[in-house]
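The values are calculated or read from the model by the stated rules, or taken from the named source; none is laboratory data. Everything numeric in this text was worked out from a predicted model, so none of it was measured. Using ideal geometry, Cβ is built from the backbone for each residue, glycine included, and neighbour counts are taken over all protein chains shown. Note: areas computed on protein heavy atoms with side chains; ligands, DNA, RNA excluded. Shrake-Rupley method; radii C 1.70, N 1.55, O 1.52, S 1.80 Å.
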Amino acid sequence: QVQLVESGGGSVQAGGSLRLSCAASGRSVSTYNLGWFRQAPGKEREFVARISRSGGSTIYADSVKGRCTITRDNARDTVFLQMNSLKPEDTGVYYCVANFIGTTRAAPDAYWGQGTQVTVSS
């Protein structure tokens with residue numbers, strides 16, 4: 001069983017930056033594609049970014065492309081999301097996920113973290 005714990009969320013002003021981290025425990029996630037989703041109040045959860053098992057391939061939602069960078073450290077079973085030039089519409093709960101189907105969909109048996117709140121004020 002895999003447990004994912006996010007950290008790094010907080011409140012920032014528009015234009016600011018945050019770096020989210022997600023640490024896995026229980027067993028290694030190095031064999032999984034890892035990624036981030038987010039959910040804004042009153043909206044459905046949406047894909048943000050995904051990184052391949054080796055870290056050599058990344059995919060981003062159009063809404064964050066050019067402003068966010070996803071990386072991973074397989075030695076530490078950790079995935080990161082660096083978010084720059086934050087906008088109020090980036091506000092939401094950010095979830096770490098392990099195991100994808102295709103490029104942007106979490107697998108039915110994916111592991112999810114509990115989420116970390118990001119609030120961007122204008």
query = Considering amide H positions built from the backbone, and no H for Pro or chain starts, which residues 5 or more places from residue 77, or on another chain, come under 5 Å of its amide H?
reply = none
message = Rounded to the nearest 10 Å², what accessible area does residue 87 have for a 1.4 Å probe in the complete protein model?
response = 80
remark   = Excluding ligands, DNA and RNA, the carbon-plus-sulfur percentage of the accessible area of the chain with a 1.4 Å probe reads 46
message = Could you derive backbone 3J(HN,Hα) for segment 30-38 from the dihedral phi with the Karplus parameters 6.51, -1.76 and 1.60 (θ = phi - 60°), listing whole Hz in sequence and x where the residue is Gly or Pro?
response = 5, 8, 10, 5, 10, x, 10, 10, 9
ask   = Accessible area per residue, 1.4 Å probe, Å², for segment 1-49: what's the number?
value = 51
key: Virtual spin-label span in nm between residue 107 and residue 69, 7 Å along Cα→Cβ   = 2.9
